[in-house]
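Shown next, in structure tokens, is the structure this report addresses.
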Amino acid sequence: MARLPCDIPIEAAAEHGEVILDGPDGLAASLTPEAARRSAKTMVKAAETAERNPDAETP
């Protein structure tokens, strides 16, 4: 069974030069500032695509 998309946002914090992500269902990650910045850009782009065209699939 496919899981429904989550509507709880991921929290981000800066700790000791890293970006710490904390989210639902145990999601946790530690990224460099550059990786966090690039991830944020791709997430915004994907969110905009999903809103514009719900049937779109991007790599």
Q | Residues (at pLDDT 95 or above and among the aliphatic types (A, V, I, L, M)) located in region 1-26 | A | I8, I10, A12, A13, A14, V19, I20, L21
Q: Can you run down the residue pairs with Cβ atoms below 7 Å, 6 or more apart or on separate chains, where the first is in region 26-55 and within 16 Å of E11 (Cα to Cα) and free of Cβ contacts under 8 Å to residues at least 12 places away in the same chain and the partner is surrounded by 12 or more Cβ atoms within 10 Å (Cβ to Cβ) and not polar (S, T, N, Q)?
A: A28/L21; A28/D22; A29/L21; S39/L31
(Q) For region 1-22, give me the residue count where each residue is more than 17 Å from A47 (Cα to Cα) and surrounded by 10 or more Cβ atoms within 10 Å (Cβ to Cβ). (A) 7
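The values are calculated or read from the model by the stated rules, or taken from the named source; none is laboratory data. These numbers come from a predicted model, not from an experiment. Here the Cβ is made from the backbone with ideal geometry for all residues, glycine too, and neighbour counts use every protein chain on show.
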